[in-house]
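Scroll down for the structure; my scribbles are underneath it.
The values are calculated or read from the model by the stated rules, or taken from the named source; none is laboratory data. The structure displayed is predicted, hence computed values, not measured ones. So basically every Cβ, Gly included, is an ideal-geometry build from the backbone, and we count neighbours across all protein chains shown.
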Amino acid sequence: MTTKAPKYEAIVAKKVAQRDSKFVKEWLIPKESLPDLTDVTGWIPKSGFLTEEELEITEANVLEISKNIQSKKWRALQVTKAFCHRASIANQLVNCLTEVFFDEAFKQAEELDKYQDETGSLKGPLHGLPISLKDNLNVKGQASSIGIVQFCFEPEQMEEDSLIVEVLRGLGAVFYVKTNIPAAMMMPESVNHIFGHTVNPLNRNLSAGGSSGGEAALLALKGSPLGVGTDIGGSIRMPSSFQNLYALRPSFGRFPNYGGRSGLPGLESVNSVNGPMTTDLESLEYYCKSVIGDEPWNRDAKAIELPWKSVTLPEKMNFAVLMDDGVVRPTPPIRRGLQITIDALRKAGHEVIEWDPAEHFRLSEIITSFFLSDGGAYIRDAFEATEEPFFPFMNAHKVAPEVKVKDLWKLQSERSALLKKYLERWNATAAQTSNGKPIDAIIMPATPFAGNPTGKFQDYIGYTSPFNVLDYSVGIFPVTRADKDLDPRDEASTGHSATDDKVWEDYNPEETHGGAVALQLIGRRLQEEKVVEMLKLFKKLIKYEH
């Protein structure tokens, strides 16, 4: 007697075959020639599979690419092909791509070259720049499966761009790939039943993080000069920290947000936002200025009319640092990264005080309640439609009760009270600093890990999710990399929680060696410009080199 294959497996096979058919065969590396390395970040330039010209293009940052396209040293099509080639190799190394549409990208780039030849000008500040996109950002003519099997071909092609994609297209950007995410974007590791697991190019024993994990892994391998991720609980920040990127989680309304495909459509108790991810801080700032310079508030009804402004930092700044939130202690590499940052700030004359995470745990509980307020119905219905099994991390979506309106309102009222309390505590730091001014920012981990071992993130996102509830502007900056000799295992767990015990138990200096050590820089709401300026300061003081 034969056993009928689950419905979802046939859909998956068709979807993966469709994606794989879109690669240029001549660009794919034979399996026997792929490296048996843990760290593959430096392999592509040495492999011989890219030409010198392709390497020169793909190693350049956004400003260099734009300058060379403007001068016609490089053409848009030439640049696009180079990044398509490198992205193909990146996917073979870490499994980071979901949608591949090179032919459409070539056509778009050819049209931009023609426009430049005929007009003598560029379409916009991003003219000819390839930009990669997280899978949930809709591109007209492409799918947005968001890691759910039912959505692989429902619909097979989106009818219109997400608004951020429309804006970027109007500025001259070229779209060529979309990147892997966890199922429904509701897990901290990028794994789903369609495309599988994206691993970390800095150490392929480690997870790329989630939910913008495919995006972060592609960027770390320079298969893209700049990518756009989304964040509702840490989904830009966690994977960016796992790949030592620069990234920005903006406050809601700063960038256009309408039109993406969501795993929680209609949820407004906490808002998802999109933001830039890149290896280069100049590129991040250029993106911000370009998008906001396009005045997105004239297209998105929820965008805030707030032009990008110049910010000058004070000569002496005040920072608060959170070393341990009392729920899960960061692993040794992250604590070392915090100390490197503290020492650099104090040496430069800045003041550093401690931050008390008084409201953090409750904020993290509240956001989880918001995520499950529909009783898990939307995600559960989508999974059950194709008999797709649930990942253990998502089991709550199978059993969560629907939150009654009166209880949801109560949670929202509590949230608002905590927001006020947090702001008051921030302002009250003026009493702790020597210059009588409140802190400029908080520095803290994005996760307890320098990239968690695959499958071992556990169940806690409390280092990032409070700032989604608070809607603060948050940047990610790289510090160093994990080192088995400098980051020995702690003799014992702190016993903060069961999760803390498990994180301590799982930590292995050998396994984590080479993982990324990056931190969060938290500014106040709508302080994106100040956060970017502070990231520049940290880059100067810490001097991390990709």
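Tell me, yes or no, whether the range 433-443 has at least one residue that is within 17 Å of ASP356 (Cα to Cα) and over 27 Å from the mean Cα position of the chain (by Cα). Scanning the range 433-443, I find at least one residue that is within 17 Å of ASP356 (Cα to Cα) and over 27 Å from the mean Cα position of the chain (by Cα), so the answer is yes. For beta carbons closer than 8 Å, sequence separation of 6+ or different chains, a first residue in the range 7-33 that is more than 21 Å from SER47 (Cβ to Cβ) and in contact (Cβ under 8 Å) with a residue 60 or more places away in the chain and a second that is among the small types (Gly, Ala, Ser) and assigned to a loop (DSSP other than H, G, I, E, B), the qualifying pairs are LYS15/SER145. Within the range 315-326, residues that are over 16 Å from ALA344 (Cβ atoms) have Cβ atoms under 8 Å from residues that are in a strand (DSSP E or B) in these pairs: LEU322/GLU354; LEU322/ILE442; LEU322/ILE443; LEU322/MET444; LEU322/PRO445; ASP325/MET444, counting only partners at least 6 apart in sequence or on another chain. For the criterion of being closer than 27 Å to ASP500 by Cα and touching a helix residue (DSSP H, G or I) at 6+ places or on another chain (Cβ under 6 Å), THR454 fails. Among all positions in the range 486-503, there is at least one residue which is free of Cβ contacts under 8 Å to residues at least 12 places away in the same chain, more than 28 Å from ILE439 (Cβ to Cβ) and among the charged types (D, E, K, R). Applying a threshold of 6 Å to beta carbon distances and a minimum spacing of six or more residues, or different chains, the list of pairs starting in the range 445-465 at a residue that is touching a residue at least 24 places away in the same chain (Cβ under 8 Å) and farther than 23 Å from ASP483 by Cβ and ending at one that is of a type in the set (A, V, I, L, M) and assigned to a loop (DSSP other than H, G, I, E, B) reads TYR460/VAL328; GLY462/VAL327; THR464/ALA446. Looking only at the range 395-414, which residues are surrounded by fewer than 18 Cβ atoms within 10 Å (Cβ to Cβ) and under 26 Å from the mean Cα position of the chain (by Cα)? Passing the criteria: ASN395, ALA396.
Count of the range 34-52 residues, restricted to those that are surrounded by fewer than 14 Cβ atoms within 10 Å (Cβ to Cβ), without any contact (Cβ under 8 Å) to a residue 24 or more places away in the chain and of a type outside the set (Asp, Glu), is 4.
Out of all the residues in the range 481-490, is one or more crowded, with 23+ Cβ neighbours inside 10 Å, within 17 Å of the chain's Cα centre (by Cα) and closer than 25 Å to LEU281 by Cβ? Within the range 481-490, none of the residues are crowded, with 23+ Cβ neighbours inside 10 Å, within 17 Å of the chain's Cα centre (by Cα) and closer than 25 Å to LEU281 by Cβ.
Would you say ALA303 is surrounded by 13 or more Cβ atoms within 10 Å (Cβ to Cβ), more than 24 Å from the chain's Cα centre (by Cα) and modelled with pLDDT of 95 or more? No; evaluated as a whole, the condition is false for this residue. Selection of the range 70-96 for residues being within 22 Å of the chain's Cα centre (by Cα) and part of a helix (DSSP H, G or I) yields PHE83, CYS84, ARG86, ALA87, SER88, ILE89, ALA90, ASN91, GLN92, LEU93, VAL94. Residues that are crowded, with 23+ Cβ neighbours inside 10 Å and under 29 Å from ARG204 (Cβ atoms) within the range 498-546 comprise VAL503, TYR507, THR512, GLY515, ALA516, VAL517, ALA518, LEU519, GLN520, LEU521, PHE538, listed in sequence order. Among the residues making up the range 258-307, those that are among the aromatic types (Phe, Trp, Tyr) and not in a loop (DSSP other than H, G, I, E, B) are TYR286, TYR287, TRP297.
Remark: pairs (first residue in the range 160-177, within 19 Å of LEU97 (Cβ to Cβ); second residue modelled with pLDDT of 95 or more and small (Gly, Ala, Ser); Cβ separation under 6 Å; 6+ apart in sequence or on different chains) = SER162/GLY259; SER162/GLY260; VAL174/ALA105; VAL174/ALA109; TYR176/ALA105; VAL177/ALA87; VAL177/SER132. Selection over the range 355-372 of residues that are part of a loop (DSSP other than H, G, I, E, B) and closer than 11 Å to ALA396 by Cα gives a count of 1. Please go through the range 124-142 and pick out each residue that is assigned to a loop (DSSP other than H, G, I, E, B) and in contact (Cβ under 8 Å) with a residue 60 or more places away in the chain. Passing the criteria: GLY124, PRO125, LEU126, HIS127, GLY128, LEU129, ASP135, ASN136, LEU137, ASN138. Considering LYS347, LYS316, the condition of being surrounded by fewer than 19 Cβ atoms within 10 Å (Cβ to Cβ) and in contact with a Gly (Cβ under 8 Å, 6 or more places away or on another chain) is satisfied by LYS316 alone. ALA5 satisfies every condition listed in (1) in a loop (DSSP other than H, G, I, E, B); (2) in the same structural domain as LEU284 (by TED's automatic domain parsing); (3) of a type outside the set (S, T, N, Q) except (2). Out of the strands (runs of 3 or more DSSP E) lying entirely within the range 147-249, which hold 3 or more residues that are among the polar types (S, T, N, Q)? Result: 203-207. Confirm whether PHE175 is closer than 30 Å to ASP36 by Cα and out of contact with any Gly (no Cβ under 7 Å at 6 or more places or on another chain). So PHE175 does not fit the description; no.
Screening LYS72 against (1) touching a residue at least 60 places away in the same chain (Cβ under 8 Å); (2) at positive phi leaves a single unmet condition, (1).
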